[in-house]
There are 2 protein chains.
Amino acid sequence: MIRSQTVKEILDHYRVIWALGHAQALMGWDSETYMPEEGVKGRAAARAEIAQLIQRFMLDEKFVKLLDKAEEERDLTDVERGIVRVLKRDLRFYTRVPPEVVKELAKVTSEAFVAWRGAKEKARFDLFAPYLEKIVELSRVVAEKLGYEEHPYDALLDLYEEGLTSRDVESIFSTLEPGIRSLLNKLEARGWPRSHPLEEAPYDRPALEAAIAEVLDLLGYPRGRFRVDVSPHPFTIGIATPYDVRITVRYRGVDFREPLFSALHEYGHALYELNVAEELAMTPVGTGVSLGVHESQSRFVENVVGRSREFIQRISPILRRRLPLLSKYGDEDLFYYFNLVRPSLIRTEADEVTYNLHILLRYRLERLMITGEVKVSQLPELWNSEMERLLGVKPRNDAEGVLQDVHWSHGSIGYFPTYTLGNVVAAMIYYKHGNVRGLVSEGNFAAVKEYLREKIHRWGSVYPPKELLRRSFGEAYNAGYLVKYLEEKYR
Amino acid sequence: MIRSQTVKEILDHYRVIWALGHAQALMGWDSETYMPEEGVKGRAAARAEIAQLIQRFMLDEKFVKLLDKAEEERDLTDVERGIVRVLKRDLRFYTRVPPEVVKELAKVTSEAFVAWRGAKEKARFDLFAPYLEKIVELSRVVAEKLGYEEHPYDALLDLYEEGLTSRDVESIFSTLEPGIRSLLNKLEARGWPRSHPLEEAPYDRPALEAAIAEVLDLLGYPRGRFRVDVSPHPFTIGIATPYDVRITVRYRGVDFREPLFSALHEYGHALYELNVAEELAMTPVGTGVSLGVHESQSRFVENVVGRSREFIQRISPILRRRLPLLSKYGDEDLFYYFNLVRPSLIRTEADEVTYNLHILLRYRLERLMITGEVKVSQLPELWNSEMERLLGVKPRNDAEGVLQDVHWSHGSIGYFPTYTLGNVVAAMIYYKHGNVRGLVSEGNFAAVKEYLREKIHRWGSVYPPKELLRRSFGEAYNAGYLVKYLEEKYR
């Protein structure tokens, strides 16, 4: 597979970095699932040491030189070029951003997370504001150091989604915003259901766990390479892609939709990691390419497949057998329950239609913060007025407003747009294939998965996101598909 | 705590080694508990890389020099001296045994394990013999390279139990062998029970799991720092001593003694790790000092406490409430069931009385193999005839004879005697304290645990095993206590 002697040497050096990354992944998974509480005292120290070690091996002079040399080589294969590209990207942050800044950012964000948690509990933005100010300030420095062509925010976007620019995001939202708002008006006029009694209904947890296992079985549960656990926040992790991929689910006791669709969501992420070509395993291109493309896979399984009438018909016998509370509801009932549309305050609880307006709000505020056009102190008011303008709802306090998401406390500015990107790409895949619902209706999930494997999964990070999408679908981020998909679905 | 500047620098360097060890421990635990089967493909590579990395940091020239320097320093505290001693020991193997030999040993043992598993399945020693021959040969080289004073086997013993010599082991068995054989004769004459109907009785697994959790609660289950999982072979692991210690249990479906006493056994190991002084955490002396001393703690909880009439009285209400199959058995019944004495073929199933004869057999054979007095090809015959002489039973095939244990396939020659050492020290602690059964009878487990903490646990690896025992109990390995304990218990 690898012909270039230089790239061979790069991979030799990379092997230990991969091993340390594997250990980090496992420590992360364990911290969220099984680690006894006080274990954090040792774990935090170990993770910090190993993160430093990874950085040290990445910045190794010989390694950096090998990468420079490989970059100059002609005749590299696509995989070889991908390896060099991904490692160069990883290096860029450490070579361009001065160590003092990286260190300060690490310090502020670890304090900011604690402050954010307290501030949210008390619904007091002022307790979090000083940390966010510092984070915004440092992010501006990071953006300048990383460099950009048009807008400093582009440098931050690129950290989460290779090659994504404000221009892309603007273009997406210029299509989405009017499309969604027009659809919302129509749905209101037509009286599309906004609530359902099952939202408040408690479920039997072991029964729901068994139902979810059966649903995942239906989709093809790769027993030897995959597992499902429970954690406070659901997530997917490739412990050793594609051999060991794990997801988690959360059970809160009411509204069985939540664990069911979050399991489908994470399963979508997992499929991506499970289907990366084995020959890429343990190399820098051996995992999903970006947050946005990853999110397209999770949203595809969760929404495009999972919330379709055809899928509901396949899984409703399982749900009804396991959950007696469904006895009086037909498939059409379930369809509306799974597809309620209700402008609401909390992003993570938002439906398919309103979700992207939540992202639009955050994207606009982030951009304005980075340029300094908006001060951190102005955020709560701006948040609330924009929520009212976009969604017609107004937070009663900052906990259900500007403080709701953890991202900024982690220093993640530029992350949110990847969620919308996922929705955009998922809808695009739906139309590019052309018969997803037909296959789902036949129960031919294998054919759906094979399409995703061939078009997205198998390539790992060999191509940057836009290039991958253009190669596979002829275009990259066209938000028109998402508007069309929503219009057709909620007709 | 640390005053020496040199030792401070040593600990600074050691921090990353500790972190890598932590990652290794977690990877080991995960491999045995939750890892999906195919995960091994990535895991094996990651573990090998990280093991190499640890070795590299251990052999770092600057680090080795610091250790040499610290060794010369006067006025080191006991903790500081312990740190230097433990690290020097760890280094010794790598500095004295040539890398080719280490590499060859790694290669042979990884093949030998697979060969052993196949050989045991087919009960054919000849399939394993060539690997064992190679292992014995390499072990001889290792012993010569490591050096010894009296006997090459001493060099191997010391790998598992610091300072243990053939002379110690001979002395132990010269007391134990006649003592046990005489007791066995008496028990036979008096008709001590050899079997019980509950041995074949199936149990309800969730009920037994709940019962075991309650029993561990009774002993003091440190929720925030400890957990119990299920694995094919029960074990204890200090993921981050003393903050995160985990044990596993196995459920086979019949004979509820097995999971119950293996949980108590592992809990004894766990207590040791949980009670190491927090100031030693993440240092080279921050875990239990040796296999033998560790085994003394597990045997103490399992046998001295766990199989006593007093303990049975405390836990029998729990067992009876959870396990309806016990309804017709009184406490005295349980006592005999838990303390059957029956000369048998399999070490891991052996009772407290006959167990050490299984170890004696292995010890003698190992020593003769290392000197070359016995050839690998002679082992099966010798094993069988010795089994008959020592225990009066004869294996029908090699699977229940010479092939039963995994240790030799791992290259572990010199390991077995630490099991007997554990039994010897457990009995010694019993008499040194003087009122263990009194405290158990009152349910005052806290006082028993405090004694163990004070005498053994808190010291971690600060003192070598013999010194620790002499400081705490005035003597080291006195097998007389074990004979006395058995005589009194089985009177």
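Points to keep in mind about this one:
- Flag if B:L91 is buried (at least 21 other Cβ atoms within 10 Å of the Cβ) and either within 27 Å of A:M35 (Cα to Cα) or more than 10 Å from chain A (Cβ to nearest Cβ) (or both): no
- Inter-residue pairs, beta-carbon under 6 Å, first in the same structural domain as A:R396 (by TED's automatic domain parsing) and in region A:110-138, second of a type in the set (S, T, N, Q), 6+ apart: none
- Within region A:265-281, the set of residues being crowded, with 24+ Cβ neighbours inside 10 Å, not in a helix (DSSP H, G or I) and not polar (S, T, N, Q) comprises A:V276 only.
- Residue within region B:355-371 that is free of Cβ contacts under 8 Å to residues at least 24 places away in the same chain and not in a helix (DSSP H, G or I) present: no
- Top-ranked residue of region A:1-32 - restricted to ones that are of a type in the set (A, V, I, L, M) and touching a strand residue (DSSP E or B) at 6+ places or on another chain (Cβ under 8 Å), ranked as farthest from the other protein chains (Cβ to nearest Cβ): A:A25
- Among the residues of region A:52-64, the ones that are part of a helix (DSSP H, G or I) and either at pLDDT below 95 or within 14 Å of chain B (Cβ to nearest Cβ) (or both) come to 6 in all.
- Some residue of region A:270-291 being under 26 Å from A:L184 (Cβ atoms) and not aromatic (F, W, Y): no
- Some residue of region A:310-319 being of a type in the set (D, E), part of a helix (DSSP H, G or I) and either within 14 Å of another protein chain (Cβ to nearest Cβ) or surrounded by 20 or more Cβ atoms within 10 Å (Cβ to Cβ) (or both): no
- Residues that are of a type in the set (A, V, I, L, M) and within 31 Å of the chain's Cα centre (by Cα) within region A:46-69 comprise A:A46, A:A48, A:I50, A:A51, A:L53, A:I54, A:M58, A:L59, A:V64, A:L67, listed in sequence order.
- Applying the set (1) facing chain A (nearest Cβ under 10 Å); (2) of a type in the set (D, E, K, R); (3) over 13 Å from A:A23 (Cβ atoms) to B:E49 leaves exactly one unmet item: (3).
- Checked against the criterion of being within 14 Å of chain B (Cβ to nearest Cβ), in a strand (DSSP E or B) and crowded, with 22+ Cβ neighbours inside 10 Å, region A:246-257 contains one or more residues that satisfy it.
- Against the conditions (1) in contact (Cβ under 8 Å) with a residue 12 or more places away in the chain; (2) away from chain B (no Cβ under 13 Å); (3) part of a loop (DSSP other than H, G, I, E, B), A:N303 satisfies every one except (3).
- Criterion violated by A:H410 - all others in (1) buried (at least 21 other Cβ atoms within 10 Å of the Cβ); (2) under 19 Å from the mean Cα position of the chain (by Cα) satisfied: (1)
- Filtering region B:232-259 to residues that are closer than 12 Å to B:V301 by Cβ and among the hydrophobic types (A, V, I, L, M, F, W, C) leaves only B:I247.
- Restricting attention to region B:372-405 and to residues that are assigned to a helix (DSSP H, G or I), of a type outside the set (A, V, I, L, M, F, W, C) and in contact (Cβ under 8 Å) with a residue 24 or more places away in the chain, the residue that is nearest to B:R194 (Cα to Cα) turns out to be B:E400.
- Looking only at region A:221-240, and only at residues there that are loosely packed, with under 14 Cβ neighbours inside 10 Å and more than 12 Å from chain B (Cβ to nearest Cβ), the one that is farthest from the chain's Cα centre (by Cα): A:P232
- Check on B:L67, surrounded by 15 or more Cβ atoms within 10 Å (Cβ to Cβ) and within 10 Å of chain A (Cβ to nearest Cβ): no
- Among the residues making up region B:258-274, those that are away from every other protein chain (no Cβ under 14 Å) and more than 13 Å from the chain's Cα centre (by Cα) are B:E258, B:P259, B:L260, B:F261, B:A263, B:L264, B:L271.
- Some residue of region B:121-128 being more than 29 Å from B:V462 (Cβ to Cβ) and buried (at least 19 other Cβ atoms within 10 Å of the Cβ): yes
- Residue in region A:177-199 that is under 30 Å from A:M369 (Cα atoms) and within 22 Å of the chain's Cα centre (by Cα) present: yes
- Leading residue by the ranking (surrounded by the most Cβ atoms within 10 Å (Cβ to Cβ)) among those in region A:141-152 that are part of a helix (DSSP H, G or I) and out of contact with any helix residue (DSSP H, G or I) (no Cβ under 6 Å at 6 or more places or on another chain): A:V142
The values are calculated or read from the model by the stated rules, or taken from the named source; none is laboratory data. Because the structure is predicted, anything quoted here is derived from the model rather than measured. Here Cβ is always computed from backbone atoms with ideal geometry, including for glycine, and neighbour counts include all displayed protein chains.
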